[in-house]
Amino acid sequence: MIVIAIDGPAGAGKSTIAKALAKKLSLRYLDTGAMYRAVTFAALTRNLDLSNESAIAKVASECVMLIDDDSIIIDGLDATQEIRGQKVTRAVSIVATNSLVRTELRGRQQQWVSEHGGGVVEGRDIGSVVFPDATLKVYLTASPLVRAKRRVAQSGGDVELIAAEIAERDQRDSSRSDSPLMKTSDSVMVDTSNIDVNEVVEHIERLVVARQQNKRASS
């Protein structure tokens with residue numbers, strides 16, 4: 001079973017690269033960030049206080065979530081577009097710091113990979129916590145300005161404002177007590193600031209092939 005863990009901060013190109021890589025390797029793709037966004041969307045829809053950890057955890061454990069490469073449906077509602085909106089984007093870090101939510105979604109992520117026989121999984125704690133024994137761990141990064149410009153191109157807005165929001169998100173993700181955003185010692189770091197998506201995908205593909213060859217040679 002091949003599991004490729006792709007971690008990194010917002011705007012580093014994780015989704016674009018992970019999707020392209022999954023397609024090239026004929027693997028399924030899982031965006032774990034979309035799962036946290038979906039729970040945030042569901043909580044906001046219910047007008048819940050996001051700081052109420054038990055209430056948000058209840059939403060995470062009881063919701064029916066259907067996720068594939070291009071869409072996410074939660075409790076029968078197609079939230080594919082809504083989870084990318086500014087309201088959810090500004091609130092998702094609060095939900096992501098909830099240890100009870102993380103435990104629930106971590107279990108769902110591991111179950112998803114088991115059911116699909118592997119996959120390309122992207123997020124912020126995939127290589128460090130969710131799949132510590134992944135076939136390959138990649139940590140994608142990019143300069144703050146590049147990341148902000150990418151977000152503006154994707155969703156609109158002011159570059160300086162988006163840059164400030166990204167910096168705040170980075171701080172929250174990196175300093176949370178449960179599964180903080182981090183590069184593990186066995187992760188390969190790739191700076192996507194000035195590299196074409198296809199080049200990054202081809203580079204990672206070569207790494208995967210090399211890992212598989214080394215595994216066969218040592219077995």
From the option list R108, R169, single residue qualifying as closer than 21 Å to T16 by Cβ and surrounded by 14 or more Cβ atoms within 10 Å (Cβ to Cβ) is R169
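Per-residue answers, yes or no, for (1) over 22 Å from Q110 (Cα atoms); (2) surrounded by 17 or more Cβ atoms within 10 Å (Cβ to Cβ):
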{"position": "S26", "(1), (2)": "no, no"}
{"position": "L30", "(1), (2)": "no, yes"}
{"position": "A34", "(1), (2)": "no, yes"}
{"position": "V39", "(1), (2)": "no, yes"}
{"position": "R46", "(1), (2)": "yes, no"}
{"position": "L50", "(1), (2)": "yes, yes"}
{"position": "E53", "(1), (2)": "yes, no"}
{"position": "V64", "(1), (2)": "no, no"}
{"position": "E82", "(1), (2)": "yes, yes"}
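Is it the case that some residue within the stretch 208-217 is out of contact with any His (no Cβ under 6 Å at 6 or more places or on another chain), polar (S, T, N, Q) and closer than 24 Å to S93 by Cβ?
Checked the stretch 208-217: no residue is out of contact with any His (no Cβ under 6 Å at 6 or more places or on another chain), polar (S, T, N, Q) and closer than 24 Å to S93 by Cβ.
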Filtering the stretch 88-102 down to residues that are modelled with pLDDT of 95 or more and among the basic types (K, R) yields R102
Taking the stretch 124-149 and keeping residues surrounded by fewer than 20 Cβ atoms within 10 Å (Cβ to Cβ) and out of contact with any strand residue (DSSP E or B) (no Cβ under 6 Å at 6 or more places or on another chain) leaves V129, P132, D133, S143, P144, L145, V146, K149
Exactly one of E168, E205 is in contact with a Leu (Cβ under 9 Å, 6 or more places away or on another chain), on the phi < 0 side of the Ramachandran plot and not aliphatic (A, V, I, L, M), and that one is E205
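The values are calculated or read from the model by the stated rules, or taken from the named source; none is laboratory data. Computed from a prediction, not measured in an experiment: that's the story for all the values here. Note: ideal-geometry Cβ built from the backbone for every residue, glycine included; neighbour counts use all protein chains shown.
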